[in-house]
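Reviewing the structure listed below.
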Amino acid sequence: MYNKKKLTILLLLMLVINILGPVQVSHAATIDNVIGTLAASSVPSTDGGANAFDKLFSLLFDKILGPILNIFGGGKATTTSPNNPIKVTPLPSEEGSSGSTDSGVLRGKIIVVDPGHGGSNPGAVDNGTRETDNNLAVSLKLRDKLVNAGAKVVMTRETDRTVAPEGSSLGQELAARVDIAEANNADMFISVHSNSNPDPSIYGAMTFFPDGKSSKLALAVQDNIIRETGAVDKGTSSATFYVLRNTTMPSILVEMGFVTNADEARKLQEDNYRNKMAQGIFNGAINYFNN
Ligand SMILES: [Zn+2]
């Protein structure tokens, strides 16, 4: 097992070096990000138990390196046939309900839903859509789903307004959101945002978590968002956003899609797509509490 792990680490490093090249500057930067992204797009979040690294090792070894190198005979990589020695097993498809329909775990949980921006700060605006409107619409749908499942939901805002008094600084505005989560002793904090990029061809959903915690929650939510919406999976990543750094409960910030991409901007304005987005976040929260 030691050799297996050592070899995996070596090959993982090679893989990371290969990947770092083409990754976009705005999203690359650290090995952590790459590993987070890999884990997000490759590992079923319903496994529970093992951490992302262990899962990544198993995945790399059993599904990719094992078959390619045909070493350590047998193991789980027995699907390889002589006619097709290099077989990279595709991503796991639907894994059944895996508990995401069992919403009982949400009963009594205090969940703060934070629609980003609002009032005098609309967030990203492009292609005829404002970030604040998308964020609020999805957050309200998420609120309803959570409440129906028995959770106690606290919204940082339910209308198009700032959370701190108008005219407050950005710092005060963000602190007001954190204060709500802390004052309510929340079990979970979910901030909902829409993304932007100078390059209009960039699109996809991603989920951020504070360094050192909440990566499991981010993976669960990201996985379920992709499953529900079919959005391009831009993975999960740690980030130092104020609301993530300063909340003490598990916290994530979801970037649902890019308003700067015409096609995604259009989707983000559709009621049906917003509902799928809310459903994905909701299912992710259930999966997280189930594991
Ligand atoms: Zn935002």
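Here are the numbers for this structure:
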| item | result |
| --- | --- |
| Test for Met206: is it over 25 Å from Glu264 (Cα atoms), touching a residue at least 12 places away in the same chain (Cβ under 8 Å) and either out of contact with any Ser or Thr (no Cβ under 6 Å at 6 or more places or on another chain) or not basic (Lys, Arg) (or both) | no |
| Hits in the range 121-147 - residues which are of a type in the set (S, T, N, Q) and either within 14 Å of the ligand (Cβ to nearest atom) or free of Cβ contacts under 8 Å to residues at least 24 places away in the same chain (or both) | Asn121, Thr129, Thr132, Asn134, Asn135, Ser139 |
| Pick from the range 148-172, criterion within 17 Å of Ile281 (Cβ to Cβ) and among the small types (Gly, Ala, Ser), ranking: farthest from the ligand (Cβ to nearest atom) | Gly150 |
| Residue that is nearest to the chain's Cα centre (by Cα) [pool: residues in the range 190-202 that are more than 15 Å from the ligand (Cβ to nearest atom) and either among the acidic types (Asp, Glu) or under 20 Å from Gly116 (Cβ atoms) (or both)] | Ile202 |
| Qualifying residue in the range 270-283 (condition: away from the ligand (no atom under 16 Å from the Cβ), in contact with a strand residue (DSSP E or B) (Cβ under 7 Å, 6 or more places away or on another chain), part of a helix (DSSP H, G or I) and not β-branched (Val, Ile, Thr)) | no |
| All positions within the range 239-257 that are within 11 Å of the ligand (Cβ to nearest atom) and outside any loop (DSSP other than H, G, I, E, B) | Val243, Leu253, Val254, Glu255, Met256 |
| Residue in the range 209-230 that is within 16 Å of Glu264 (Cα to Cα) and either in a loop (DSSP other than H, G, I, E, B) or aromatic (Phe, Trp, Tyr) (or both) present | yes |
| Residue selected from the range 124-172 under the condition among the hydrophobic types (A, V, I, L, M, F, W, C) and part of a helix (DSSP H, G or I), by the criterion surrounded by the fewest Cβ atoms within 10 Å (Cβ to Cβ) | Leu170 |
| Which listed residue, of Thr240, Thr260, is in contact with a strand residue (DSSP E or B) (Cβ under 9 Å, 6 or more places away or on another chain), within 18 Å of Leu174 (Cα to Cα) and of a type in the set (S, T, N, Q) | Thr240 |
| Check on Ala186, crowded, with 17+ Cβ neighbours inside 10 Å, more than 16 Å from the ligand (Cβ to nearest atom), at pLDDT 95 or above and small (Gly, Ala, Ser) | yes |
| Failed item in (1) modelled with pLDDT of 95 or more; (2) touching a Leu at 6+ places or on another chain (Cβ under 8 Å), with Ser214 passing the rest | (1) |
| Residue count for the range 109-120, restricted to those that are more than 11 Å from the ligand (Cβ to nearest atom) and under 21 Å from Gly171 (Cα atoms) | 4 |
| Checklist (1) of a type outside the set (S, T, N, Q); (2) in a loop (DSSP other than H, G, I, E, B); (3) touching a helix residue (DSSP H, G or I) at 6+ places or on another chain (Cβ under 6 Å) applied to Tyr288, failing item | (2) |
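The values are calculated or read from the model by the stated rules, or taken from the named source; none is laboratory data. Source: prediction; values computed, not measured. With ideal geometry, Cβ positions are generated from the backbone for all residues, glycine too; neighbour counts draw on all protein chains shown.
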